[in-house]
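The values are calculated or read from the model by the stated rules, or taken from the named source; none is laboratory data. For clarity, every value in this text was computed on a predicted model and none was experimentally measured. Cβ placement follows ideal geometry from the backbone for every residue including glycine, while neighbour counts extend to all protein chains displayed.
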Amino acid sequence: MVRSECPQWKYEVGVYLLGALTPGERDQFEQHLATCVICRDDVVHLAGLPGLLARVTEAQVVGHTRAGETASDPGVADDDEE
């Protein structure tokens, strides 16, 4: 199923869930939620994300690389590790 994005607030859902909107922006977004099923669904689907992010420690993030990259040269695949 292809789902559409809300053209007005598509980036604010995550910011809202992280509590980073200003009070005025939060009020506007909450008013928008009353009429936009797309954003309400996004809030429901992403609601657990702040709690998961809170469990990640700095030690888990530092030095983390994607598969095939080396910590000393991020973005460059290391053929020996594949």
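Here are some notes:
- Among residues of segment 26-66, those that are at pLDDT below 90 and under 19 Å from Glu5 (Cβ atoms), counted: 1
- Pairing each residue of segment 16-35 that is without any contact (Cβ under 8 Å) to a residue 12 or more places away in the chain with any residue that is assigned to a helix (DSSP H, G or I), provided the two are 6+ apart or on different chains, yields C-beta distances under 8 Å for Leu21/Glu12; Leu21/Val15; Leu21/Phe29; Arg26/Tyr16; Leu33/Cys39; Leu33/Arg40; Leu33/Val43.
- Residue count for segment 40-57 under the criterion of being of a type in the set (Lys, Arg) and surrounded by 12 or more Cβ atoms within 10 Å (Cβ to Cβ): the result is 1.
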